Amino acid sequence: KCVPEPQSCDFIHDKFTEAALTFIEDRAKNFRNQPYFLFLSYTSPHVGSWKPENRVKGWSDEVRKVAPVYTCDANFQVADNVYREEECRHKGLIENYLDKDVGKILKLVEDLDIATNTLIVFAADNGPNGKIFVRNKKIHSLETFKSTADQRGGKREVFEGGIRSPLLMQWKGTIDAGTTEELPTSIEDLFTTFVDVGRASQLLQHPENNVPLDGVSLLPVMTGNRNSQIRREYLYFEYCKLQALNWGAIKKNPDSWCSWALRRKDGWKLVFENESGDYYLFDLNNDPGEENNLYNKQKGIVQDLKKMKQEAHIPLQDLGYDGQTLLWKY
């Protein structure tokens with residue numbers, strides 16, 4: 001309906017927020033003693049959520065209702081190879097939508113007097129994208145807002161700029177405000193944590209729900225019990241370009257299309273970049289920006305991490321992936 005009748009559409013971010021606030025209020029007022037779970041996956045800022053109207057013929061901001069609130073003062077500057085209007089929209093999406101609407105949720109939880117009984121998590125699934133060009137100029141530059149805090153790489157890369165992203169938590173009375181935790185973790189740990197927080201582990205033990213968990217619960221470190229926190233030996237990340245389209249080649253030789261990274265718990269990280277065919281070894285404790293490649297200087301560590309990689313990598317066809325659909329087998 002949005003394509004033939006764009007005037008009938010609303011900015012989807014607003015609809016997400018409206019639905020979330022309604023849901024939280026309903027659960028707090030009408031199901032006070034029952035637990036609930038809300039997964040709110042905002043899509044902005046994202047490619048396509050702030051295209052200027054002159055690139056979508058006939059679709060003005062007013063008609064499309066795409067990020068209608070955005071302003072930049074005269075002092076806002078961008079590099080010559082970046083669209084200033086695009087960065088203004090990016091800034092507007094964060095300040096006028098994401099920040100404000102997360103604030104509305106936090107305020108509602110306070111107003112409903114459920115803050116001490118509510119865990120709120122803000123997370124990002126990957127780093128920012130700074131490689132999209134339109135007519136030889138960037139839609140977004142990682143330099144404009146220091147989107148990766150000067151980490152190397154970005155989205156679709158396994159350097160820190162692509163995989164190290166925000167994870168914020170609030171649970172008043174349980175998590176101490178203003179604390180920072182350096183425990184290496186990954187997005188799959190959140191599900192295991194939610195199961196633990198909700199005391200729902202018995203559900204996973206049911207014969208029909210016999211699903212192994214990849215993540216570990218972060219509840220111990222969240223509650224100050226760091227000595228009982230499980231610390232994994234490593235974290236493993238893998239990215240394959242255009243996986244469905246290149247599935248035949250990936251099955252024969254994953255390294256021809258897939259980059260990967262393995263970070264050991266002591267801070268050593270091994271990276272394989274498929275585009276160049278190069279390996280990198282970084283000591284993240286002393287080189288968080290991944291500037292000093294020690295691959296040829298630490299052969300023993302390289303071999304140890306490669307062995308861990310063989311353990312960590314599971315060919316997707318072993319999980320039932322056929323290049324189009326994913327069929328889980330356990």
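The values are calculated or read from the model by the stated rules, or taken from the named source; none is laboratory data. Note that this is a predicted model, so its numbers are computed, not measured. Positions of Cβ are generated from backbone atoms using ideal geometry, with glycine treated the same way; all protein chains shown enter the neighbour counts. The accessibility values were calculated without ligands, DNA or RNA, using every heavy atom of the protein model including side chains. Shrake-Rupley method; radii C 1.70, N 1.55, O 1.52, S 1.80 Å.
Hand me the list of helices (runs of 4 or more DSSP H) wholly inside the range 134-238 holding 2 or more residues that are acidic (Asp, Glu) and modelled with pLDDT of 90 or more. Before the answer, list the steps.
Numbers: elements: 160-163, 188-197, 201-204, 219-222.
The qualifying helices (runs of 4 or more DSSP H) are 188-197.
For the range 191-205, indicate whether the set of residues that are under 24 Å from Leu305 (Cβ atoms), open to solvent by 80 Å² or more (accessible area, probe 1.4 Å) and in contact (Cβ under 8 Å) with a residue 24 or more places away in the chain is non-empty.
In the first step, residues of the range 191-205 are kept if they are under 24 Å from Leu305 (Cβ atoms); the result is none.
No, there is no match, as no residue in the range 191-205 is under 24 Å from Leu305 (Cβ atoms), open to solvent by 80 Å² or more (accessible area, probe 1.4 Å) and in contact (Cβ under 8 Å) with a residue 24 or more places away in the chain.
When the residues of the range 277-330 are filtered to those that are among the aromatic types (Phe, Trp, Tyr) and modelled with pLDDT of 95 or more, which remaining residue is nearest to Leu245 (Cα to Cα)?
It comes out as Tyr279.
Consider the range 135-160. How many of its residues are surrounded by fewer than 19 Cβ atoms within 10 Å (Cβ to Cβ) and either over 16 Å from Ser276 (Cβ atoms) or touching a His at 6+ places or on another chain (Cβ under 9 Å) (or both)?
Residues in the range 135-160 being surrounded by fewer than 19 Cβ atoms within 10 Å (Cβ to Cβ) and either over 16 Å from Ser276 (Cβ atoms) or touching a His at 6+ places or on another chain (Cβ under 9 Å) (or both): 8 in total.
In the range 82-105, which residues are of a type outside the set (Phe, Trp, Tyr), touching a residue at least 24 places away in the same chain (Cβ under 8 Å) and in contact with a strand residue (DSSP E or B) (Cβ under 7 Å, 6 or more places away or on another chain)? Spell out the reasoning first.
Taking the range 82-105 first, the residues of a type outside the set (Phe, Trp, Tyr) are 82, 84-96, 98-105.
Add one more test, that the residue is touching a residue at least 24 places away in the same chain (Cβ under 8 Å), and what stays is 82, 85-87, 89-94, 96, 98, 101, 104-105.
Hit for the range 82-105 is Val82, nothing else.
Return the residues of the range 239-257 that are modelled with pLDDT under 90 and assigned to a strand (DSSP E or B); say none if nothing qualifies.
Once the filter is applied, which keeps residues that are modelled with pLDDT under 90 and assigned to a strand (DSSP E or B), the range 239-257 yields only Cys240.
Of the numbered conditions (1) surrounded by fewer than 15 Cβ atoms within 10 Å (Cβ to Cβ); (2) in contact with an Asp or Glu (Cβ under 7 Å, 6 or more places away or on another chain), Lys100 fails exactly one; give the number of that condition.
In the conditions (1) surrounded by fewer than 15 Cβ atoms within 10 Å (Cβ to Cβ); (2) in contact with an Asp or Glu (Cβ under 7 Å, 6 or more places away or on another chain), Lys100 misses (2) alone.
Could you list all residues from the range 245-266 that are touching a strand residue (DSSP E or B) at 6+ places or on another chain (Cβ under 8 Å), surrounded by fewer than 18 Cβ atoms within 10 Å (Cβ to Cβ) and either over 18 Å from Arg156 (Cβ atoms) or of a type in the set (Asp, Glu) (or both)?
Correct list: Asp255, Lys265.
Tell me, yes or no, whether the range 282-290 has at least one residue that is surrounded by 13 or more Cβ atoms within 10 Å (Cβ to Cβ) and in a helix (DSSP H, G or I).
There is no residue in the range 282-290 that is surrounded by 13 or more Cβ atoms within 10 Å (Cβ to Cβ) and in a helix (DSSP H, G or I).
Could you list, ordered by first residue, the pairs with Cβ atoms under 6 Å in which the first is in the range 22-47 and more than 13 Å from Leu112 (Cα to Cα) and open to solvent by 70 Å² or more (accessible area, probe 1.4 Å) and the second is in a helix (DSSP H, G or I) and modelled with pLDDT of 95 or more, at least 6 apart or interchain?
These pairs meet every condition: Tyr36/Arg27.
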